[in-house]
Amino acid sequence: VDLSYFDSRVNRPIISKLPDFQRGERLQHVIFADQFDRELLDHLCDIADYIHELSRSKDGHIFLQSLLPHKRAMLYFTQVSTRTFLSFMASSQLLGLTCNEIRDPSLSSEYKGESPLDSIRMFSSYFNIIFMRSIQPDLAECSAYLMNDLADFNDYVIPIVNGGSGADEHPTQALLDIYTIKRTFDFIGKNDSEKKNRFDDLRKLYPGLTKGLSNKSYCFVGDIGRGRTVRSLAKLLSLYPNVTMYFIAPESDRLSLSPSLRSILLDRGVNVIETSSIEDVISDIDILYMTRIQREHDKDGKGISPKEHQRYCLTPELVARMKAYAGIMHPFPRNEEIPFTIDADSRALYFHQARNGMWARAALIAHLFDVDRRVAAHYMRNYAHGNRHDYNKTATN
Ligand code: NCD
């Protein structure tokens, strides 16, 4: 797609782009992970918790569905997707939106030579929000500029939400990953009581342990260079103090940590350690973030050999050496890097992680349509029981 019309905007440093994706205090579009600050992440995680709790009951469900029944969503996913596509759809439906989709451009007018930019402009006539995934890194960003330019024509700016752009960014995956880690490091146990709780028990084993994402070690394994989920999540984790990040990837310019991401992380004070073996770090880390080797990009036959791939795979023996509370994450789809035998381990978070995508994305949609405050108020009024949250703390937005 020829996006040269937007060159002057695309070629700016990210810091000067951010106001274009903002609407006052709120997000207007979701294009880059760097749009989230800690306050917004905390807020969205709270809203995700409320939506999760509300959706457990029929009444809560009916309330959620009453929020946005007058809005329509377009899922424009021209690059393959299972979880991201389905969880955007499920989270939209949770809030009452109706959804339509285009997944195969050969079934749309793009087959007749229509530019995706014209397709996106058409969607803006029919829909109130566009979720999109594309192999082309800048398409979501340029679509957001297009929507801004069309504000007068459309009467309001239709939000563009990036569901994965090339090897560049996957901001909503990073959001759901943060939500998953936050829940994990709340250290809440099912049987917690006034006398005894999981966090205090863990602290007997790990005296320096703190709640939350700060003061932790994160280890990314696999296709670091082409993994957009890694890029986006690493940027968000860099918002938390005293964080160490290990990167374990095959030695190749395409697969290993890119110089650009390395310098962003170092600038933000992250302790960045590139190492070659999972074994050396497995007993020290708090989160192990596995990824698959993205072989579909190895068209020249220069992919890594099966023997070398073994070094980036997890085994039950390695898992046995992890800290008791540590978590194993994976954005999925997985290949051989996590054998099924590990799925039953309490540290395997990846299926919870995928499910959390539904609550986290619903929280983001609620924020984009200004109904997040209503979710919080309804939750506080009707459902604030149990001990999961600090119910005296009101949501900020
Ligand atoms: C990934 C993606 O498409 O970026 N999956 C996801 O969205 N959860 C990772 C991959 O394809 O390996």
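The values are calculated or read from the model by the stated rules, or taken from the named source; none is laboratory data. Values in this document were obtained by computation on a predicted structure and should not be read as measured data. Don't worry about glycine lacking a Cβ; one is built from the backbone with ideal geometry, like all the others, and counts go over all protein chains shown. Protein only, heavy atoms only, side chains kept; ligands, DNA and RNA dropped before computing areas. Shrake-Rupley method; radii C 1.70, N 1.55, O 1.52, S 1.80 Å.
For a test of the definition: using alpha carbon positions, the gyration tensor, and the 1.5 limit on a/c, classify region 226-267 as rounded, prolate or oblate. Write out the running numbers ahead of the final one.
Values: a/c = 1.94, a/b = 1.79, b/c = 1.08.
The shape class here is prolate.
Leaving ligands, DNA and RNA out of it, rank LYS299, LYS216 by accessible area with a 1.4 Å probe, largest first. Could the numbers behind the result be given before it?
Details: LYS299 175, LYS216 5 Å².
Accessible-area ranking of LYS299, LYS216, largest first: LYS299, LYS216.
Provide the FRET efficiency to the nearest 0.05 for the ARG334-LYS307 pair, computing r from the beta carbons and using R0 = 25 Å.
Details: r = 19 Å, r/R0 = 0.77.
Using R0 = 25 Å, I get an efficiency of 0.85.
Taking θ = phi - 60°, what integer Hz values does the Karplus form 6.51 cos²θ - 1.76 cosθ + 1.60 yield along region 240-245, in sequence order, with x for Gly and Pro?
After applying 6.51 cos²θ - 1.76 cosθ + 1.60, I find 9, x, 6, 10, 10, 10 Hz.
Is the C-alpha gyration tensor of region 1-133 telling us rounded, prolate or oblate? Criteria: a/c under 1.5 is rounded; beyond that, a/b larger than b/c is prolate, otherwise oblate. Show your work: numbers first, answer last.
Values: a/c = 2.30, a/b = 1.27, b/c = 1.81.
Oblate, because a/c is 1.5 or more while a/b does not exceed b/c.
Restricting things to alpha carbons, find the Rg to Rh ratio for region 307-347 using the Kirkwood radius for Rh. Don't jump to the answer; show the numbers that get you there.
Numbers: Rg = 10.4 Å, Rh = 11.0 Å.
Rg/Rh for region 307-347 comes to 0.94.
Need the C-alpha centroid separation for region 333-370 versus region 141-167, integer Å.
27 Å
For the chain, what does -39500 (n - 2.57) per DSSP helix run (n ≥ 4), summed and divided by total residues, give at 222 nm, in deg cm²/dmol to the nearest 500? Intermediate values should be presented prior to the final figure.
Values: 17 runs with 155 residues, N = 397.
After summing the helix terms and dividing by residue count, I get -11000 deg cm²/dmol.
Report, in listed order, any pair from LYS58/LYS196; LYS17/LYS299; LYS190/LYS216 with a Cα-Cα distance greater than 26 Å. Show your work: numbers first, answer last.
On the way: LYS58/LYS196 33 Å; LYS17/LYS299 34 Å; LYS190/LYS216 23 Å.
Pairs exceeding the cut-off: LYS58/LYS196; LYS17/LYS299.
Considering only Cα-Cα distances, which of the following residue pairs are longer than 23 Å: LYS112/LYS302; LYS182/LYS323; LYS182/LYS235?
With Cα atoms farther than 23 Å apart: LYS112/LYS302.
Throw me the Rg/Rh for the chain, computed over C-alpha atoms with Kirkwood Rh, two decimals.
Working: Rg = 21.2 Å, Rh = 22.1 Å.
Result for the chain is an Rg/Rh of 0.96.
Taking all protein chains in place and a 1.4 Å probe, what share, in percent, of the accessible surface of region 242-344 do carbon and sulfur account for? Show your work: numbers first, answer last.
Values: 2580 of 5140 Å².
Roughly 50 percent, rounded to a whole number.
Can you classify region 213-349 as rounded, prolate or oblate using the Cα gyration tensor, where a ≥ b ≥ c are the square roots of its eigenvalues, rounded means a/c under 1.5, and otherwise it's prolate if a/b beats b/c and oblate if not? Kindly include the intermediate steps, with their values, before the conclusion.
Numbers: a/c = 1.79, a/b = 1.05, b/c = 1.70.
Oblate.
Quick one: check the C-alpha center-to-center distance for region 12-75 versus region 188-205, whole angstrom.
Rounded to whole Å, the Cα centres lie 32 Å apart.
Normalised by the residues of the chain, what does the relative contact order come to in percent, with Cα pairs under 8 Å and at least six apart?
Relative contact order of the chain: 18 percent.
State the antiparallel share, in %, of DSSP beta bridges confined to the chain, rounding to the nearest 5.
Details: 3 of 35 bridges.
So the antiparallel bridges in the chain amount to around 10 percent.
Share of region 168-211's accessible area from carbon and sulfur, percent, 1.4 Å?
Numbers: 1150 of 2360 Å².
The value for region 168-211 is 49 percent carbon and sulfur by accessible area.
Where in region 276-376 are there GluC sites (Glu not before Pro) that are in a DSSP coil and have at most 11 other Cβ atoms within 10 angstrom of their Cβ? Intermediate values should be presented prior to the final figure.
Working: sites: GLU279, GLU296, GLU308, GLU317, GLU336, GLU337; in loops: GLU336, GLU337.
Of the GluC sites (Glu not before Pro), not one in the loops of region 276-376 has a Cβ with at most 11 other Cβ atoms within 10 Å.
Given a 1.4 angstrom probe, I'd like the percentage of the accessible area of region 40-138 that is carbon and sulfur, rounded to a whole number.
Numbers: 2250 of 4320 Å².
Carbon-and-sulfur percentage of accessible area, whole number: 52.
Please work out the average accessible area per residue across region 257-397, using the 1.4 Å probe convention, and give it in Å².
Values: 7050 Å² over 141 residues.
Normalised by residue count, the accessible surface of region 257-397 is 50 Å².
Per residue, how much accessible area does region 14-53 have with a 1.4 Å probe, in Å²?
Values: 1420 Å² over 40 residues.
Result: 36 Å² per residue.
Would you mind calculating the relative contact order of region 105-246 from Cα pairs under 8 angstrom and at least 6 residues apart, reporting the percent as a whole number?
Details: 168 pairs, mean separation 29.1, N = 142.
With pairs under 8 Å counted, the relative contact order is 21 percent.
So how do 5-12, 95-102, 236-243 stack up, highest first, on mean other-Cβ count within 10 Å? Numbers along the way, then the final one.
Working: 5-12: 12.9, 95-102: 17.1, 236-243: 18.6.
Most protected by this proxy first, the peptides run 236-243, 95-102, 5-12.
Could you sort the peptides 369-375, 106-112 by per-residue average Cβ neighbour count (10 Å cutoff), highest mean leading?
Working: 369-375: 18.6, 106-112: 11.0.
Per-residue mean Cβ counts within 10 Å order the peptides as 369-375, 106-112.
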